[in-house]
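Notes follow once the structure below has been shown.
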């Protein structure tokens, strides 16, 4: 489900999503876009290995969350291309700072965040604590 830029911003503020999670999901989307192209099998395996390493088990970024991220579209790639011009050290921060734009173009990024164990736990706790 698409969200407006304002809705994405509100979600990120309300859920206190760390920058590392934001840029990791953006990089997962970039990687999945790259995997849609023709490449030698050894490179494909390397990119798949990068996706596998993006999850950290069952605590926050799970394999299920990474799997839920869709490949980046052309507009997102245009933004990412400009960001890469700042160099690899700064690019991660800029990916995180512009996550709202990426999530507006690719709603699967928010879907993935909502799949996190912590998010689901907090939602369950809130629903159980709500008066009936």
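The values are calculated or read from the model by the stated rules, or taken from the named source; none is laboratory data. This is a predicted model, so every value here is computed, not measured. Using ideal geometry, Cβ is built from the backbone for each residue, glycine included, and neighbour counts are taken over all protein chains shown.
Which of the numbered conditions does residue 72 fail, given that it passes all the others? Conditions: (1) under 21 Å from residue 19 (Cβ atoms); (2) part of a helix (DSSP H, G or I).
(2)
So for segment 38-47 (the condition being more than 14 Å from residue 108 (Cβ to Cβ), assigned to a loop (DSSP other than H, G, I, E, B), touching a residue at least 12 places away in the same chain (Cβ under 8 Å) and touching a helix residue (DSSP H, G or I) at 6+ places or on another chain (Cβ under 7 Å)), does at least one residue qualify?
Checked against the condition, which is being more than 14 Å from residue 108 (Cβ to Cβ), assigned to a loop (DSSP other than H, G, I, E, B), touching a residue at least 12 places away in the same chain (Cβ under 8 Å) and touching a helix residue (DSSP H, G or I) at 6+ places or on another chain (Cβ under 7 Å), segment 38-47 yields no hits at all.
Looking only at helices (runs of 4 or more DSSP H) that fall completely inside segment 78-132, which ones have 2 or more residues that are more than 14 Å from the chain's Cα centre (by Cα) and either touching a residue at least 40 places away in the same chain (Cβ under 8 Å) or exposed (fewer than 14 other Cβ atoms within 10 Å of the Cβ) (or both)? Before the answer, list the steps.
Numbers: elements: 88-97, 99-105, 108-114, 117-129.
Per the criteria, 88-97, 117-129.
So, of the residues in segment 1-20 that are within 16 Å of residue 111 (Cβ to Cβ) and not in a helix (DSSP H, G or I), which turns out to be nearest to the chain's Cα centre (by Cα)?
Checked segment 1-20; the qualifying residue nearest to the chain's Cα centre (by Cα) is 17.
Results for (1) closer than 18 Å to residue 115 by Cβ; (2) touching a strand residue (DSSP E or B) at 6+ places or on another chain (Cβ under 6 Å); (3) modelled with pLDDT under 95, shown as yes or no for each residue.
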site: 25; (1), (2), (3): yes, no, no
site: 39; (1), (2), (3): no, no, no
site: 47; (1), (2), (3): no, no, no
site: 54; (1), (2), (3): yes, no, yes
site: 65; (1), (2), (3): yes, no, yes
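Are any residues in segment 41-66 surrounded by fewer than 14 Cβ atoms within 10 Å (Cβ to Cβ) and within 13 Å of the chain's Cα centre (by Cα), and if so, which ones?
Answer for segment 41-66, where residues must be surrounded by fewer than 14 Cβ atoms within 10 Å (Cβ to Cβ) and within 13 Å of the chain's Cα centre (by Cα): just 64.
Considering segment 1-23 alone, what residues qualify as being at pLDDT below 90, surrounded by 12 or more Cβ atoms within 10 Å (Cβ to Cβ) and over 16 Å from residue 60 (Cβ atoms)?
Correct list: 3 only.
With the structure loaded, tell me whether residue 31 is in a loop (DSSP other than H, G, I, E, B) and farther than 21 Å from residue 15 by Cα or whether it fails that test.
no
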